[in-house]
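Shown next, in structure tokens, is the structure this report addresses.
Please treat every number below as a calculation from the coordinates, not as lab data. Because the structure is predicted, anything quoted here is derived from the model rather than measured. We place every Cβ from the backbone using ideal geometry, glycine too, and count neighbours over all the protein chains shown.
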Amino acid sequence: MIAMNAKMNHLHAKIVAVSTSPVTGTKKTNVIQGILMENFGLLGDGHAEKQAHRQISLLAVESIQKMRDLGLEVNPGDFAENITTEGIVLKDLNIGTKITIGNSSILEVSQIGKECYSPCEIGKSVGECIMPTEGIFCKVLEGGKIRVGDELRIIN
């Protein structure tokens, strides 16, 4: 596992899953690629909303692995995240941090964690929700196609 703090930008991280669902707060379906729309979110996803600060959600596969280590059978998308990453400690980023994805997309971290309903639908279905402590939300500053395997880089 590659750890990365918010100040480093020379280490590489990548997308391991892109997931979408028309409804928020439910498990998402993995897709090969998606289209990020500037100031909106992931096309066809329930989080997408003009001017909202939670347009897209990210969770690290390393966080999902913690749940697997506890015996839960969980996979990318099961915590309602849009992008599952590898090689970056998302929860250690600061609000305002910018992340590039692939060749053209830029996200800006707008929220670390979230308040979760007790228990939320995800918690009910998988036993515990890790989005409140491990996930992040972003605004889409520049859109474009994203796909599994795309590189992520911290740009500030």
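Here the Karplus curve 6.51 cos²θ - 1.76 cosθ + 1.60, taken at θ = phi - 60°, turns the phi angles of region 31-37 into couplings of 10, 6, 8, x, 10, 7, 9 Hz, with x standing for Gly and Pro.
Pairs to check: 27/98; 98/145; 28/114. Give those whose C-alpha atoms are more than 21 Å from each other in this structure. Don't skip to the end; give the middle numbers.
On the way: 27/98 26 Å; 98/145 17 Å; 28/114 18 Å.
Exceeds cut-off: 27/98.
Once both labels are positioned 7 Å from their Cα atoms along Cα-to-Cβ, the gap between residue 35 and residue 23 label points is 2.5 nm. Taking each residue as 0.36 nm, the span from residue 43 to residue 95 lengthens on full extension beyond its C-alpha to C-alpha distance by 16.4 nm.
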